[in-house]
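Accompanying notes for the structure given below.
Each reported figure results from applying straightforward, stated rules to the coordinates on display, with no laboratory input. The shown structure was predicted, so the numbers you read here are calculated from the model rather than taken from an experiment. Ideal geometry is used to build each Cβ from the backbone, glycine not excepted, and the neighbour counts take in all protein chains shown.
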Amino acid sequence: MIRQVVGMFWLKIRSMRRVCATGIALALFGGVAVLTGCAVGPDYRRPAPPDVKSYTAHALPARTAATAGPGGSAQSFLVGRKIEGAWWSLFHSPELDRLISMALAHNPSLVAAQNTLLAAQDQVRVGQGAFFPSLSGSVSAARELQPLQSAGLTTDKAAGSTSNSPFSLLNAGVSVSYAPDVFGGVRRQVEGLEAVAQEQRFALEAAYLALTANVVTAAVTDASLRAQIVATKGIVAAQRHELRILQRQVTLGGAAESSVMTQQALLAQTLATLPPLENQLAQTRNQLAAYEGAYPADFHDPDFDLAQLHLPHRLPVSLPSELVKQRPDIRQAAAVLHQDTAAVGVATADMLPQITLSGSVGHEALTAASLFTPETLLWNLAAGVVQPLFEGGSLFYQRRAAIATMRAAAATYQDTVILAFQNVSDVLVSITNDARALQADRAAETATRESLDVAEAQYRAGAVPYTTVLTAEQSYEKSVIIRIQATAQRYADTAALFQALGGGWWQRKDVAPNIEKCCGVLP
């Protein structure tokens, strides 16, 4: 019997929805047009960009200092020039491009950020469901036995019921309920959910930017450490050669034993610098493997060389007024402020009357044949208003807490903007000064190399003691390592500038359509 009733119900409900349920829904929507007002609480407006014209206290030079060798080219600042989405391609390294492509495809943190965004966008759609009435259908069948007097039934032989005999009670209906968003509490909730989705959108971009910048920095570090190891091994070879010469001189009586001991100590000190460099190199390789989403044992990418990296000559520098639109962390802070602003409206609406409209239509009968006849029709319409009168002050303090949270978010946003400008200023100053430092370090390396050559020639001629050679050798060793570190720093400074300016995420072409649907995110 239940199966029969269910089948009849779904055949009938199509016409019921067109006639009865639709009529109730229209009635409810008619009430919505009257009852829905403006949303209470403050309206969010994106904070205006700071009124500053420059990132640094002093004007930037037209070009940085230049020197010979890898990474020594002069760089110029192009104010207002757009940043490329794939900014790392300016280093002209196929190995670096491939490594970043692998990292973007396989890095777990990026996958997590993408799915967190999709979940936040779906939560927006969940919240938007409250804008519409809730429509549900029901069907039930029951077998009962009741005294005729208490049930108010009469004998109906045609229907098959007799006194004190069990009977079937069938019910099928459609109900509609709706809570009009009179004061905009639901709209503010959805607004907050949309802000959460925007926050996650920029969290994804922040993760994307951090990953690409970290890969570039790690690749530069890898190349720097390899160059330092090669230079150190070259110094070790030279020191061993000098040690062999001293040992022969001691054998022939031409040098003191102390000279050999001093050279041995110097060689041991140089050898002691190799294990830390090799340890750092191994850790950097492991970090690159993690960025690529691979295990250290499975990472076999080619070695990086500083000479194979091209230092970008022209550096785009965004206008200060554009930085707040480009930095993902600033846009995240703005989205948090938006959430907290909407929360004030939700807390305000909770203090005001809540209106509920409901209606239902259905049929109730003793037999399936008579279930959908006009005589068995049942319907009702209802409305209710609930006004909180006393909640122990919880609603008042809830709203006051929401206001304080909003003000805290505004302060956090301001702090984020200030730190972003500080970040850009620090990088611009570093690019300028580190170019001068490399120029000086290159000159120092050249001078110490020439000094060492002269000292060695004079020593062979017997004009100077061997301590002079040792001093020149130590100076040259330090200058080579310092020059390599300064070269790597220029590459790292360039990557840091692109990261500080936002990395050109709005120029990207690799964003999946279902991720890019979050509205209002472009600068």
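Full extension of the chain between residue 305 and residue 429 gives 42.0 nm of extra length, using 0.36 nm per residue less the Cα-Cα distance.
For Cα extents along the principal axes in Å, the listed values are (i) 73, 64, 50; (ii) 72, 59, 51; (iii) 138, 52, 44; which was obtained by calculation from the structure presented? From the options (i) 73, 64, 50; (ii) 72, 59, 51; (iii) 138, 52, 44, the structure gives (iii). On full extension, the segment bounded by residue 128 and residue 265 gains 41.8 nm, given 0.36 nm per residue less the C-alpha separation.
Exposure proxy for 262, 494: other Cβ atoms within 10 Å of each Cβ, ordered fewest to most, give 262, 494. Projecting the Cα atoms of 209, 266, 230 onto the charge dipole of segment 205-347, computed from C-beta unit charges around the Cα centre, puts 266 farthest toward the positive end.
Here the chain is treated with +1 on each Lys and Arg Cβ and -1 on each Asp and Glu Cβ, and its dipole about the Cα centre works out to around 1020 debye. Which of 368, 489, 180 sits closest to the plus end of the dipole of the chain, meaning its Cα is farthest towards the positive end, when Lys and Arg get +1 and Asp and Glu get -1 on the C-beta? Of the listed residues, the answer is 368.
Evaluated over the chain, the count of Lys pairs having alpha-carbon atoms less than 26 Å apart is 9 (only pairs 8 or more residues apart or interchain). Across the options 289, 500, 170, the greatest Cα extent toward the positive end of the charge dipole of the chain (unit charges at beta carbon of Lys, Arg, Asp, Glu) belongs to 170. Using a Förster distance of 22 angstrom, determine the FRET efficiency expected from the C-beta separation of residue 45 and residue 325, and round it to 0.05. For R0 = 22 Å, the calculated efficiency reads 0.90.
Remark: segment 276-418 carries a charge dipole of roughly 680 debye about the Cα centre, counting +1 on each Lys and Arg Cβ and -1 on each Asp and Glu Cβ. To the nearest Å, what is the center-to-center distance of segment 261-278 and segment 286-316, using C-alpha atoms only? Spelled out, the Cα-based centre of one part sits 29 Å from the other. Residues 257, 473, 278 in ascending order of nearby Cβ atoms (within 10 Å, fewest first): 257, 278, 473.
Shape call for segment 262-397 from the C-alpha gyration tensor, a ≥ b ≥ c root eigenvalues: rounded (a/c under 1.5), prolate (a/b greater than b/c) or oblate?
Working: a/c = 3.63, a/b = 2.58, b/c = 1.41.
Because a/c hits 1.5 or more and a/b exceeds b/c, segment 262-397 counts as prolate.
Computed extension length for residue 89-residue 436: 122.4 nm, one decimal, from 0.36 nm per residue of separation with the Cα-Cα distance subtracted. The share of alpha-carbon pairs in segment 197-269 lying farther apart than 16 Å comes to 67%.
How far apart, in nm, are the 7 Å Cα→Cβ label points at residue 76 and residue 258? The two pseudo-label positions are separated by 5.9 nm. Distance between the pseudo-spin-label points of residue 233 and residue 411 (7 Å out from Cα toward the beta carbon): 5.6 nm. Segment 219-244 and segment 375-390 have Cα centres spaced 86 Å apart.
For a label point 7 angstrom out from the Cα of residue 210 toward its Cβ, which stretches of segment 302-346 have the backbone nitrogen within less than 11 Å? Label zone hits: 329. Each label was represented as a point 7 Å from its Cα along the Cα-to-Cβ direction; for residue 274 and residue 247 these points are 1.6 nm apart.
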